[in-house]
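> Got a structure here, written out as structure tokens. Questions coming.
The values are calculated or read from the model by the stated rules, or taken from the named source; none is laboratory data. Remember, predicted model here, so these are calculated numbers, not experimental data. Cβ placement follows ideal geometry from the backbone for every residue including glycine, while neighbour counts extend to all protein chains displayed. The protein model used for the area step is the full one, side chains on, heavy atoms only, and it has no ligands, DNA or RNA in it. Shrake-Rupley method; radii C 1.70, N 1.55, O 1.52, S 1.80 Å.
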Amino acid sequence: MIMIELFVKDFTESQRAISAADGEKIFQKLDEAFTKSEKVALDFSEIKLTITAFLNASIGKLYSKYSTEQIRSLLHIRNLAKDELPLLKMVIDRAKLRFKKEYPEGLDKIDLVNED
Amino acid sequence: MKLFSTPKEEILFPDSLKTDEEGFHFFSYLIKETQKKKRFILNFEHVEWVEANLCAVLGAIVATNTKTYGAKFEFVNMKNSYLETTLRNNGFLKEITGEERDTRKSSAVPYQEFSMKNEEVVEEYIFKYVLLKEEVPKMSKGAKKKIYRSIFELYQNSVLHSGADQVFVCGQFFRYKGRMALTMVEIGKTFEENVKSCYLEFEHFSGADCLNWAVKSGNTTKPETETGGLGLDLIRDFLKMNQGKLQIRSGNGYWIEKNGMTNFEECERSFCGSIVNIEFNLRDKNEYFLSEELDANSLL
């Protein structure tokens, strides 16, 4: 399967990814690819600084629409500087918590009743 | 204090304007009082001291009330040479009075208005006037990066939540104290308006309660499909280590955190927007090393 490459720097036109609006543009591209089940490599080469507003809009928001499994299989993050990783972790952990799917208790039993 | 009302209204400035509750109280009065199509004489006769970063608040009031209400402003009695030099060095007088010569001094963090859409210009400003200053390079690379990130988290907060068109920024280096203050002001939605329009269950919250809620980790007024609420918390964590200070005045709320101690209270006068002041300790010797090894894709 072909993997689409997205370079963050093409969106930010700077070494700093500090705009939620740029993050939103990246989200749109990822969303477009994910709906077609296309894999994407998101490349952070040359990006020296990110902020949560950018990461929330580009990556965090994915969790509102896709499951963790889908994101793991479709998204590959490349060349993100080591000292930016704690921030990414914070954003992803928060997104998973915010968009956690909560199913009603005893869902399996309800299914059995419906089958009858 | 009003001395007379027609055809001009004179407003006497207090002898000292600092970045504190009293200073914000005066600006809350000033913004409300000058929301009229009238000529206002801002009288500095008794002013002995003004913290230069507060030009962001004064500039925001003058620009907004001129544009929105047709108010006109005149600055008089700047006899105090310290005051005049301060306001001239950071470019405030040039901006307000339209005087032509560029009087900015390289040591100042200038007064500037930014369009919310012009993020590249803000980026350039912070880089040029904050990070490249001779006081800042003494800090570790990690500390500088955290300062830069903090400022941009604040700026994006304004972009995302204020609904305003412009943000007003001004700073000041306190050389002897080894600190730098940067004040950002927008005249738009207050924290209280944002919190209450998003969560009906907080209807009983005061302005200060809303501020205290908004600065906590994970609390956000973004739509349900978006995530947020980390920026202010991140700044607070850094400022605790850096021994810095964060102050927010919005609506009737005032919130301050300094040396890890938090205080928030309800004020008598409302400020129709938000003033955020961040103060960094430039003598921070921390390296801000990473404590754990992480792999980006295992985080997903």
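> Averaged across the residues of B:110-119, what count of C-beta atoms belonging to other chains lies within 10 Å of each residue's C-beta?
Values: counts 0, 0, 0, 0, 0, 0, 0, 1, 0, 8.
Taking the mean over all residues of the peptide, I get 1.
> May I pose another question? Would you mind telling me which residue in A:Ile47, A:Ile77, A:Ile26 has the biggest mean-square fluctuation in a Gaussian network model of chain A, where springs connect alpha carbons within a distance under 10 angstrom?
A:Ile77
> Determine the dipole magnitude for segment B:127-174: charges of +1 sit on the beta-carbon of Lys and Arg, -1 on that of Asp and Glu, nothing else is charged, the reference point is the Cα centre, and the result goes in debye to the nearest 20. If you can, show how the numbers build up before the last one.
Working: 8 positive and 4 negative charges, 74 e Å.
The dipole of segment B:127-174 has a size of about 360 debye.
> Using a 10 Å cut-off around each Cβ of peptide A:26-33, what is the average number of partner chain Cβ atoms that fall inside?
Details: counts 0, 1, 0, 0, 0, 0, 0, 0.
Shielding by partners across A:26-33 averages 0.
> Which of B:Ala71, B:Ile126, B:Phe44 sits farthest toward the positive end of the charge dipole of the protein assembly as shown, with +1 on the Cβ of Lys and Arg and -1 on the Cβ of Asp and Glu?
Projecting each Cα onto the dipole axis, the largest value belongs to B:Phe44.
> Which FRET efficiency, nearest 0.05, do B:Tyr29 and B:Glu84 yield, Cβ-Cβ r, R0 22 Å?
E between B:Tyr29 and B:Glu84, to the nearest 0.05, is 0.40.
> Most fluctuating residue of A:Glu69, A:Glu13, A:Glu84 in a GNM of chain A with Cα springs under 10 Å: which is it?
A:Glu69
> So what's the back-of-envelope 222 nm ellipticity for chain A, counting only DSSP H runs of four-plus at -39500 (n - 2.57) apiece and dividing by all residues, rounded to 500?
Numbers: 6 runs with 58 residues, N = 116.
Rounded to the nearest 500, it is -14500 deg cm²/dmol.
> Can you list the residues, at least 5 places off or on another chain, whose amide H is less than 5 Å from the amide H of B:His46, using H built in the peptide plane?
B:Phe13
> If one computes P(r) from the Cα atoms of segment B:167-300, what percent of pairs lie at distances over 20 Å? Please report the intermediate quantities before stating the final value.
On the way: 4754 of 8911 pairs.
Of the Cα pairs, 53 percent sit more than 20 Å apart.
> Is there a simple number for the mean count of other chain Cβ atoms within 10 Å of the Cβ of residues in A:71-79, and what is it?
Values: counts 1, 4, 1, 1, 3, 3, 5, 2, 1.
The per-residue average across the peptide is 2.
> I would also like to ask the following. What percentages make up the Cα-Cα pair-distance distribution of segment B:112-239 when the bins are 10 Å wide from 0?
11, 38, 34, 14, 3
> Sticking with this structure for a sec: Kindly express, to the nearest 10 degrees and within the range 0 to 90, the angle between helix B:141-161's C-alpha long axis and the longest C-alpha principal axis of chain B.
On a 0 to 90 degree scale, this one is about 60.
> Magnitude of the Cβ-charge dipole of the protein assembly as shown, K/R +1 and D/E -1, about the Cα centre, nearest 20 debye? Show your work: numbers first, answer last.
Details: 59 positive and 65 negative charges, 259 e Å.
Magnitude of the dipole: close to 1240 debye.
> Let me ask something additional. Against the longest alpha carbon principal axis of chain B, how many degrees, from 0 to 90 and to the nearest 10, is the axis of helix B:21-33 turned?
Computed tilt is about 60 degrees.
> Related question: Would you check the accessible area of B:Lys32, probe 1.4 Å, heavy atoms only, in square angstrom rounded to 10?
Number for this one is 140 Å².
> Taking 0.36 nm per residue of sequence separation and subtracting the Cα-Cα distance, how much length would be gained by fully extending the chain between B:Asp295 and B:Glu21, in nm to one decimal? Present the calculation step by step, with values, prior to reporting the outcome.
On the way: separation 274, 0.36 × 274 = 98.64 nm, distance 4.49 nm.
Roughly 94.2 nm would be gained on extension.
> Would you kindly enumerate the cysteines in chain B that have no other Cys beta-carbon under 4.7 Å from their beta-carbon?
B:Cys198, B:Cys210, B:Cys267, B:Cys272
> Considering only C-alpha atoms, what is the centroid distance from segment B:243-300 to segment A:1-69, in Å?
27 Å
> Between B:Thr66 and B:Glu265, what FRET efficiency comes out of the Förster formula 1/(1 + (r/R0)^6) with R0 = 30 Å and r the beta carbon distance, rounded to 0.05?
With R0 = 30 Å, the Cβ-Cβ based efficiency is 0.45.
> In addition: Using protein chains only (no ligands, no nucleic acids) and a 1.4 Å probe, work out which residues of segment B:259-300 have their accessible area cut by at least 30 Å² relative to the chain alone.
At a threshold of 30 Å² (probe 1.4 Å), the residues of segment B:259-300 that become less exposed are B:Leu290, B:Glu293, B:Leu294, B:Ala296, B:Asn297, B:Leu299, B:Leu300.
> Might you tell me the accessible area per residue for the protein assembly as shown, computed with a 1.4 Å probe and given in Å²?
Values: 19900 Å² over 416 residues.
The answer is 48 Å² per residue.
> Mind listing the phi-derived Karplus ³J(HN,Hα) values for segment A:73-90, rounded to whole Hz, using 6.51, -1.76 and 1.60 with θ = phi - 60°, and x for any glycine or proline?
Here the 3J(HN,Hα) series is 7, 9, 10, 10, 8, 10, 6, 7, 3, 4, 7, 9, 5, x, 5, 4, 4, 4 Hz.
> Let me cross-check A:Leu85: its accessible surface, 1.4 Å probe, with only protein heavy atoms counted, in Å² to the nearest 10?
10 Å²
> Find the relative contact order for chain B and round it to a whole percent, using C-alpha pairs within less than 8 Å whose residues are 6+ positions apart.
Numbers: 554 pairs, mean separation 48.9, N = 300.
RCO, chain B: 16 percent.
> Taking only DSSP H segments of four or more residues, each worth -39500 (n - 2.57), what value at 222 nm results for chain B once the sum is divided by all its residues, to the nearest 500 deg cm²/dmol?
-10000 deg cm²/dmol
> With a/c under 1.5 counting as rounded, go ahead and sort chain B into rounded, prolate or oblate using the C-alpha gyration tensor (a ≥ b ≥ c being the square roots of the eigenvalues; past the cut-off, prolate if a/b is larger than b/c, else oblate). Could you put the intermediate results ahead of the total?
Values: a/c = 1.90, a/b = 1.31, b/c = 1.45.
Because a/c hits 1.5 or more and a/b fails to exceed b/c, chain B counts as oblate.
> Here is a further query. Placing +1 on the Cβ of each Lys and Arg and -1 on the Cβ of each Asp and Glu in segment B:45-186, which of B:Gln172, B:Tyr82, B:Ser162 has its Cα farthest towards the positive end of the resulting dipole?
Going by the charge dipole, the pick is B:Gln172.
> A further question on this structure: Given a 1.4 Å probe and every protein chain left where it sits, what share in percent of the accessible area of the protein assembly as shown is carbon and sulfur?
Here it works out to 49 percent.
> Okay, moving on. If I model a spin label at A:Glu46 and A:Glu24 as a point 7 Å from the Cα along the Cα→Cβ vector, what separation in nanometres do I get?
Using points 7 Å along Cα→Cβ, the separation is 2.5 nm.
> Right, another one. Once you have a ≥ b ≥ c as the square roots of the Cα gyration tensor eigenvalues for segment B:227-300, tell me rounded if a/c is under 1.5, and otherwise prolate or oblate according to whether a/b is larger than b/c. Write out the running numbers ahead of the final one.
On the way: a/c = 3.33, a/b = 1.70, b/c = 1.96.
Oblate.
> Tell me which GluC sites (Glu not before Pro) from segment B:216-294 have a DSSP coil assignment and no more than 13 other beta carbons within 10 Å of their own. Numbers along the way, then the final one.
On the way: sites: B:Glu224, B:Glu226, B:Glu257, B:Glu265, B:Glu266, B:Glu268, B:Glu279, B:Glu287, B:Glu292, B:Glu293; in loops: B:Glu224, B:Glu226, B:Glu287, B:Glu292, B:Glu293.
Answer in residue order: B:Glu224, B:Glu287, B:Glu292, B:Glu293.
> Report the residue, chosen from B:Gly59, B:Gly228, B:Gly207, that carries the largest GNM mean-square fluctuation when chain B is represented by alpha-carbon nodes joined by springs under 10 Å.
B:Gly228
> How big is the C-alpha Rg of chain A next to the rule-of-thumb value 2.2 N^0.38 Å, as a ratio?
Values: Rg = 16.8 Å, N = 116, 2.2 N^0.38 = 13.4 Å.
Rounded to two decimals, the normalised Rg is 1.25.
> Taking just the alpha-carbon atoms of segment B:64-182, what radius of gyration and Dmax come out, in angstrom?
Gyration radius and largest Cα-Cα distance of segment B:64-182: 15.9, 47 Å.
> Further, regarding this structure: Expressed as an acute angle from 0 to 90° and rounded to the nearest 10, what is the orientation of the C-alpha long axis of helix A:20-35 relative to the principal long axis of chain A?
Between helix and principal axis, roughly 50 degrees.
> Taking only the alpha-carbon atoms of the protein assembly as shown, what semi-axes of the equivalent ellipsoid follow from 5 times the gyration tensor eigenvalues under a square root, in whole Å, largest first? Kindly include the intermediate steps, with their values, before the conclusion.
Working: eigenvalues 360, 126, 72 Å².
Each semi-axis is the square root of five times an eigenvalue, giving 42, 25, 19 Å.
> Counting protein heavy atoms only and a 1.4 angstrom probe, how many square angstrom of accessible surface do chains A and B bury in total, to the nearest 100?
Working: alone 7710 and 15310 Å², together 19900 Å².
Using a 1.4 Å probe on protein heavy atoms, the buried area is about 3100 Å².
> Let me know the charge dipole size of segment B:208-295 about its Cα centre in debye, to the nearest 20, where only the beta-carbon of Lys, Arg (+1) and Asp, Glu (-1) is charged.
Values: 10 positive and 15 negative charges, 96 e Å.
The calculated dipole for segment B:208-295 is roughly 460 debye.
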